[in-house]
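Chemist: Before anything else, here's the structure in question.
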Amino acid sequence: MDDDLDQFFHDDAEQNADFSDDGSEDEAPDNVDVNYELEREEPKSKSVAEFTKFLQECEYPDDIIKYFKTIKFFEKDAKTGDIVSTKSLKFTVTGFIQYLFGTKRIQRPVLRGIAKIFGRYDIFHLISPELVKSITHLKETRTTAWFNLFNFLSFVPHPTDRVTKPLFRQFCVRTPFNDKSMKKRKLTWISTDYDNVWMAVMNGKISDKLTLKLIPYITQNVISKLKAPFKSADFFFKMFDKTDYHGILSLGAIFRLISEHNFEYPKFYDKVYSLTNPSLLYMSQKESILTLLDSFLSSTHLPTYITASFLKRLSRCLLLAPIDAQEPILGLIRNLVIRHPNCSELVHREVPQTLYDDPFDNDETDLHKTRALESSLWEMKLLQCHWNQSVRKRAHFVDKSIQKIESYVRFRCTDELFSVNMAKSFGGEDGEAEKYRKLQDGDEDEEGTGKPEPKKARRKGFGGKFAPKHEEKVTRAVGVNSEAPKGILDRQVPIIDVPTLWKI
Amino acid sequence: MGVDKKQKQRKTNPFELKFNKSKHDILGRKKGAQVGAPTASRKRAHEQREQTLGVEYDRKNKISKIVDKRLGEKDGKSEEEKGAMRFTEERVKNYKRASKFNLTDDGDEEEEVLTHKGKALSDIEKYDKSMISDSDDDEEPGNLGSNMVKVAHFGGGEKTAEEHVREKISREDMISNLIAKTKLARHEKQQQKDELELMTESLDSKYQALMGKMKASFRPTGRQPLEKDDYDKLTITLKTEADARATPADRKLSEEEEALKEKERLETLEAARISKNNAFFNAKSHLSADADVDIDAGSKADARKVQAKNSRFEVKFDDEGGLIDEDTVEKSRILKKNLDGSDESDDDEDLEDEEEDLDDLLEDEDELEEDSDDEEAQEAQKVVKKAKKSAPEPAETLPFVFEMPKNYKKFCALLEKHSESMDLVLERLVKCHHPSLKEGNKKRLNKLFLLCLRWFDDMSKEELTAESVKEMNLAQETMHALMKFDIQYGVRCVRALIRQHWKGRQDKQKSSPVSFGLISAIRLVSGLFPVADSWHPVVVPALFLATEALCSAKCANLNALAKQIQLANAIVEYVSESKRYVPELVAFARSALLLAVTEKSEKFATNGFPISKPHTEMLCFEEKYTGPALQPISLTTIFNNSPSDPSLKLHVLRALLSLIQHLRVIYSNQNETYSIVFKPFLRILESIQAKNLPAEVQEELETLCASMKAEIGAKCRLVHLSLVKTEKSMLKMLEPRFEWDFDPERPHHGPKDEKKKLTKNLRNERRGAIKELRKDTAFLARKQLSSVKTKDRARIAATKRVMGGLMQQQGEWNKEKRTADVEKKKDKK
């Protein structure tokens, strides 16, 4: 099925190449009568139900093209003399909408093929008003219809991205789109169609399952294309208040509305604070979310209690975070302390006091009442015992004086971290040999004196402040257990007496 | 009195005075002496030096007294007594010197006799003297008379009458006479020497007796030998023992030698085993002798076989046939016993073989007796049974020397062949291929490591049984032994296994629960490598794999949850010694504990836990537990995905509580963050409904809650973080410095000024001392010079006097001469 569709897509591309809009629209062939198509008798066409069924049954886009050649699309109005749609064309449009909103789930590749025909700007101009009406009346429970609609619309491009080829030119010479006024405002009314459809979608009663896919798509692809992006504010504010997951997904859009279009969301930081929890760091979108969080907290005019609360909350999240979230959040915390010098009290106090318990309340949702400024970042002490070496190193920033320059918040996925650790060099000598070498102090002194000399000699030649550092390959010894291991399932941690819980 | 003062003042010469002028009168400066008399002070100094230093100089090498050290002079003794004392002293002196190098006659109380080979040196000397006498006789020309020499050497050419007479005597008589004379001369000389020795010995004995009497008057010479203490005796024994150095009987062999020895042992055992098998074949060939016996019956070749069988049955009833049956019965029994013995014994010892032979012989005798008692029909039945028993071939024994399998198929085939004793096979395989025995053995052992690792992995992927786990343990032990030879290769192989698991999870099984293969691989890493290092090329990737698998898997049912808890236990193994913090482990434990609570106070930290209603209360007990008693969780049931029993829920909850107990104990050293981490756990544990649980689990839960609460209470106190301050030096200011206790009288006071003052005083004193020494030297030089001049003057005067006298004499002589000359002239005229 997919292969067949691919073949036909290729064919369509070739066919599209044949037709060109290079000013050849007005020049009609001499042999053909221009008004013949408008004045000829309308042939018999399929009804709405029949066309819908036809669309469901046909397997190739060529079948649709063949059918379109047999019918008449436009005729001249008897009264005004304008070119108007025929009954057949109206049946076709209505049938397509019924096909789209049917009870069957249409596969995404099929919709991609369909969109190559019905997504062209001229027929889409006729489809969009009816589509808007249908979307308005579409109910929330009809999940299949919503998914079909979303998939179809995702294949309809905006004029700024790509302008589609006209569809009706293949079948008749004179169409309503040939007028000069229509040509002049072509991009305008194509954009208007796009806006109308998407606004209808956002104002409709969207199915819950679709929102999780719809929100990131609209945030990335649609908002920047709308003529009036602020009109989507109702949609996003509604999503923001729905659930935590929806709120997290719509943070980007809300932030853009606030920063670019002067919207105001009451208690925005309280909301973001409530969304920041350990489960956030196990999501696949953690990178974009943390980047947004860095943007939210980048202003130096934020009140200190807000920054301190976020510092403590992020520190608590680190105690339960996976390895790929540890480094960026540690960098973020360090940058926050540097950015807001008033918060350095969390790291260093001139007169340290003894407290009975941590005054920070992790369950409090009001940022005024969390008492974060009275606390300290004790969580960093625990992370200094982390199982990964680089996290241990980064967590030691609380023991050093506060830096002047912010560090780079770097994101690396788990696979990259694993590869880095696998790529570290090892070997060279056995563990015992190195121990013996370390015990002899004279050898160490000699090596210590020997090593910097070539570095200096090299640096003289390769001098410069910004020259790349010459990193020597460090060979680490590999340790091996000296005692023979017990059985695979017989090993017990000898800390406490535990009853036998497992057997073969 | 006033008059005396005036006189003194008058005596001073005013021109000797010196006045010191001061140009400017400076405030605060001490005024020196206004008036001085340097000439007078110089004179006074000179006089003092004359009285002190000059006197010493004059007396040097001149004034002394004689000390008389002669014996007896001071006491006023008589002449005889003086002589006696001096004589005694002289004798003692000579005696000491003389007896110093005397070896035999020591002056000590205990006379030590010097010996050589058990004999006294004095005896040896006598013997030597006798020898010397023999040589002397030969060498000295005086032993033979001149007459004998003349006769012996045929000296002289003139023949006298005596010579004519001697010619008549026979030659034999002459020679015998010569020998007799020589012997006589020797005898006489010996007697003289003996007399001399006797005289010498008598003199020595007398001298010793004399010295014995006079010994009491002598003073002890040198150090007397002390009585020997226990320490001295011990020291002497140590010295004597130290000389005799022990040679080690059993030297510790090096690794290579041990390997070679082991290989030789295995080879000898293999040779013994092979020879035993050959003996078995010889026993088989021994049966052909029976065929020869049949051949002797004298029948045709084709019919012989058939007739042989028939003849056996026929011959049974004859006397000879009975004998034949006995032989066959005996041989079959012997074979069985040999086989049994070889199966039982791993260590083949000759004694055991001999014992077995003896037992066989004894049993043979018993059988003979029994056979004679039984009836013929029973004999026939026994023969048939034993024939059946002897028909199947015996199983081969385990060989001692193996060749290294070339690929995995052959490796598996080898292990299947000896499936009952795989451990011995692997052990011997390693010992036969020690790297020191042959070139290229290291590669072979590396290949064996790879084969064992692959075998381990295959076993872990198969269905989980007790046997497969046993084989995995054996593979682990073998890999641990092989790791000694090449650590790098082992590390690379295990890393490859981890990478394989990682790619498998990343590509396909992102959210599925862990398999037993992954858990066993992680446990293998902790078995082979130390997990407490700060960084390890195998342990760190294994932790990446384990934590990623723990957090990304979905726990949709109890089986999946049990698998994840087993993986968490493996991670606890990594962390229990080094106390590293694993956030993924804590998040998993907390989220899993939420499954046991109906009203959830927080959200799941990780993504793998169900949110919908029936599954999110997987570990809640809404009804009273009426299942069987507490039992361990069956790993076979869990990992083989067989349907689980209703009691699994309780057992999984119990395992989860045990995991949390481990975490509590491991992280109890984190004083600052203990309450931060474990307060949420305590909150969840307290909200678990324990009334429906059995009593034992309730007790465990209450114990855990109580201990956790107590520990949280103990570690609540916190101190704010603060950095260590580094003192910074203040900037130097240009403001004037005010001294609040300034004293214009003493503007310079304080420790620095005191030190400066003392230094100045020291320098002045030194300068004064140098000046005095220099003046002393000049004084002595002048004194010496004046004495030299005085002597020179005296010598010159004496010389003049002598020369004057001589000139006067010369003058008188000249005058007389002139007078004589004058008179002569007058006489001539």
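Chemist: Hey, could you check segment B:630-640 for residues that are without any contact (Cβ under 8 Å) to a residue 40 or more places away in the chain and part of a loop (DSSP other than H, G, I, E, B) and say which is farthest from the other protein chains (Cβ to nearest Cβ)?
Modeler: Checked segment B:630-640; the qualifying residue farthest from the other protein chains (Cβ to nearest Cβ) is B:631.
Chemist: For segment B:1-95, please list each of the helices (runs of 4 or more DSSP H) lying entirely inside it that holds at least 3 residues being surrounded by 10 or more Cβ atoms within 10 Å (Cβ to Cβ), out of contact with any Ser or Thr (no Cβ under 9 Å at 6 or more places or on another chain) and modelled with pLDDT of 80 or more.
Modeler: B:38-49, B:55-59
Chemist: Of all residues in segment A:161-174, how many are modelled with pLDDT of 75 or more and not in a helix (DSSP H, G or I)?
Modeler: 5
Chemist: Another question, then. I need the full set of residues from segment B:658-676 which are part of a helix (DSSP H, G or I) and either touching a Leu at 6+ places or on another chain (Cβ under 6 Å) or not hydrophobic (A, V, I, L, M, F, W, C) (or both), in order please.
Modeler: Matches in segment B:658-676: B:658, B:661, B:662, B:664, B:667, B:668, B:669, B:674, B:675.
Chemist: Hey, does segment B:723-741 have a residue that's within 30 Å of residue B:676 (Cα to Cα), modelled with pLDDT under 90 and surrounded by 10 or more Cβ atoms within 10 Å (Cβ to Cβ)?
Modeler: Yes, that holds for at least one residue.
Chemist: Restricting the search to segment B:601-629, which residues are basic (Lys, Arg) and within 13 Å of chain A (Cβ to nearest Cβ)?
Modeler: B:603
Chemist: Collect the residues in segment B:618-677 that are touching a Gly at 6+ places or on another chain (Cβ under 9 Å) and either surrounded by fewer than 15 Cβ atoms within 10 Å (Cβ to Cβ) or under 30 Å from residue A:377 (Cβ atoms) (or both), keeping them in residue-number order.
Modeler: B:645, B:646, B:675
Chemist: Here's something else I'd like to know. Answer yes or no as to whether residue B:476 is in contact with a Pro (Cβ under 7 Å, 6 or more places away or on another chain) and facing chain A (nearest Cβ under 10 Å).
Modeler: It is true that residue B:476 is in contact with a Pro (Cβ under 7 Å, 6 or more places away or on another chain) and facing chain A (nearest Cβ under 10 Å).
Chemist: Separate question: Out of A:238, A:209, A:183, which single residue is free of Cβ contacts under 8 Å to residues at least 12 places away in the same chain and exposed (fewer than 13 other Cβ atoms within 10 Å of the Cβ)?
Modeler: After applying the criteria, what remains is A:183.
Chemist: Any residue in segment A:114-134 that is more than 26 Å from residue A:172 (Cα to Cα), assigned to a helix (DSSP H, G or I), assigned by TED's automatic domain parsing to the domain that holds residue A:178 and not small (Gly, Ala, Ser)?
Modeler: yes
Chemist: From the list B:760, B:756, B:775, B:752, which residue is surrounded by 10 or more Cβ atoms within 10 Å (Cβ to Cβ), modelled with pLDDT of 75 or more and either of a type in the set (Ser, Thr, Tyr) or within 60 Å of the chain's Cα centre (by Cα) (or both)?
Modeler: Unique residue meeting the criteria: B:756.
Chemist: What helices (runs of 4 or more DSSP H), lying completely within segment A:340-423, carry at least 3 residues that are charged (D, E, K, R), in contact with a Phe, Trp or Tyr (Cβ under 7 Å, 6 or more places away or on another chain) and surrounded by fewer than 12 Cβ atoms within 10 Å (Cβ to Cβ)?
Modeler: none
Chemist: Residues to consider are B:547, B:598; find the one that is of a type in the set (S, T, N, Q) and more than 10 Å from chain A (Cβ to nearest Cβ).
Modeler: Answer to the check: B:598.
Chemist: Any residue in segment A:350-362 that is more than 8 Å from chain B (Cβ to nearest Cβ) and more than 13 Å from residue A:378 (Cβ to Cβ) sitting within a Cβ distance under 9 Å of a residue that is aliphatic (A, V, I, L, M) and assigned to a loop (DSSP other than H, G, I, E, B)? List the pairs, counting only those 6 or more apart or interchain.
Modeler: From residues that are more than 8 Å from chain B (Cβ to nearest Cβ) and more than 13 Å from residue A:378 (Cβ to Cβ), the pairs are A:361/A:372.
Chemist: Out of the residues in segment A:142-159 that are at pLDDT 80 or above and not in a helix (DSSP H, G or I), which is surrounded by the fewest Cβ atoms within 10 Å (Cβ to Cβ)?
Modeler: Here the answer is A:155.
Chemist: Another question about this same structure. In the set B:238, B:234, which member is modelled with pLDDT under 75 and under 60 Å from the mean Cα position of the chain (by Cα)?
Modeler: Checking each option against the conditions leaves just B:238.
Chemist: May I ask you to list the residues in segment A:384-399 that are in contact (Cβ under 8 Å) with a residue 60 or more places away in the chain and under 9 Å from residue B:581 (Cβ atoms)?
Modeler: A:386
Chemist: Also, quick follow-up: Conditions first: (1) at the interface with chain B (Cβ under 9 Å from one of its Cβ atoms); (2) modelled with pLDDT of 80 or more. Residue A:402 passes all but one, so which condition is the exception?
Modeler: Single failed check for residue A:402: (2).
Chemist: OK, next. What number goes with the only condition from (1) within 39 Å of the chain's Cα centre (by Cα); (2) at pLDDT 85 or above; (3) not charged (D, E, K, R) that residue B:571 does not pass?
Modeler: Answer for residue B:571: the failing condition is (1).
Chemist: Among the numbered conditions (1) exposed (fewer than 14 other Cβ atoms within 10 Å of the Cβ); (2) not in a loop (DSSP other than H, G, I, E, B), tell me where residue A:195 comes up short.
Modeler: Going through the list (1) exposed (fewer than 14 other Cβ atoms within 10 Å of the Cβ); (2) not in a loop (DSSP other than H, G, I, E, B), residue A:195 breaks only (1).
The values are calculated or read from the model by the stated rules, or taken from the named source; none is laboratory data. Everything numeric here is computed off the predicted structure, so don't read it as measured data. With ideal geometry, Cβ positions are generated from the backbone for all residues, glycine too; neighbour counts draw on all protein chains shown.
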